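Participant: One structure, pasted below without further comment.
The values are calculated or read from the model by the stated rules, or taken from the named source; none is laboratory data. Given the structure is predicted, the values throughout are model-derived calculations rather than measurements. Here Cβ is always computed from backbone atoms with ideal geometry, including for glycine, and neighbour counts include all displayed protein chains. Heavy atoms of the whole protein, side chains included, go into the accessibility calculation; ligands, DNA and RNA do not. Shrake-Rupley method; radii C 1.70, N 1.55, O 1.52, S 1.80 Å.
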Amino acid sequence: MRFASFETDGRATYGLVGSDGRYTPVPAAFQARHADLKAAIAAQALGELQGLAGPSLAPDQVRLLPVIP
């Protein structure tokens with residue numbers, strides 16, 4: 001699994017990067033528990049995202065943020 005921190009619609013988030021280059025943001029409930037990618041890594045929670053489904057975003061819909069803010 002590949003992860004990225006990014007901004008979309010003026011909101012900072014993070015999520016999975018698909019093999020097709022699209023970005024799938026983490027669910028709001030997950031982000032409420034782990035505010036950013038650094039927190040999710042520290043909590044060893046990234047495994048919970050395996051098989052994450054949901055609306056994905058094209059690369060031109062996101063602005064990449066530093067890997068670990």
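Participant: From the set of residues in region 41-69 that are part of a loop (DSSP other than H, G, I, E, B) and β-branched (Val, Ile, Thr), which is least open to solvent (accessible area, probe 1.4 Å)?
Facilitator: If we filter region 41-69 for residues that are part of a loop (DSSP other than H, G, I, E, B), which is where we start, we get 43-45, 50-56, 58, 62, 65-69.
Then drop every residue that is not β-branched (Val, Ile, Thr), which leaves 62, 67-68.
Details: 62: 25, 67: 109, 68: 81 Å².
Filtering region 41-69 for residues that are part of a loop (DSSP other than H, G, I, E, B) and β-branched (Val, Ile, Thr), the one least open to solvent (accessible area, probe 1.4 Å) comes out as 62.
Participant: Return the residues of region 29-40 that are of a type in the set (Gly, Ala, Ser) and open to solvent by less than 30 Å² (accessible area, probe 1.4 Å); say none if nothing qualifies. It would help to see each step written out before you state the result.
Facilitator: Residues of region 29-40 that are of a type in the set (Gly, Ala, Ser), as a first pass: 29, 32, 35, 39-40.
40 - this is the single residue of region 29-40 that is of a type in the set (Gly, Ala, Ser) and open to solvent by less than 30 Å² (accessible area, probe 1.4 Å).
Participant: When both residues are 6+ apart or on different chains and their Cβ atoms are under 7 Å apart, which pairs have a first residue that lies in region 57-69 and is farther than 9 Å from residue 6 by Cα, and a second that is among the aromatic types (Phe, Trp, Tyr)?
Facilitator: 57/23
Participant: Restricting to region 5-40, name every residue that is part of a helix (DSSP H, G or I) and either touching a Ser or Thr at 6+ places or on another chain (Cβ under 7 Å) or free of Cβ contacts under 8 Å to residues at least 12 places away in the same chain (or both). Step through it out loud before you land on a result.
Facilitator: Step one: list which residues in region 5-40 are part of a helix (DSSP H, G or I), which gives 28-33, 37-40.
Within region 5-40, 28, 29, 31, 32, 37, 39 meet the criteria.
Participant: Given the residues 17, 26, which is the only one that is in contact with a Lys or Arg (Cβ under 8 Å, 6 or more places away or on another chain) and crowded, with 16+ Cβ neighbours inside 10 Å? Let's see the steps before the verdict.
Facilitator: Working: 26 fails: in contact with a Lys or Arg (Cβ under 8 Å, 6 or more places away or on another chain).
On inspection, the qualifying residue turns out to be 17.
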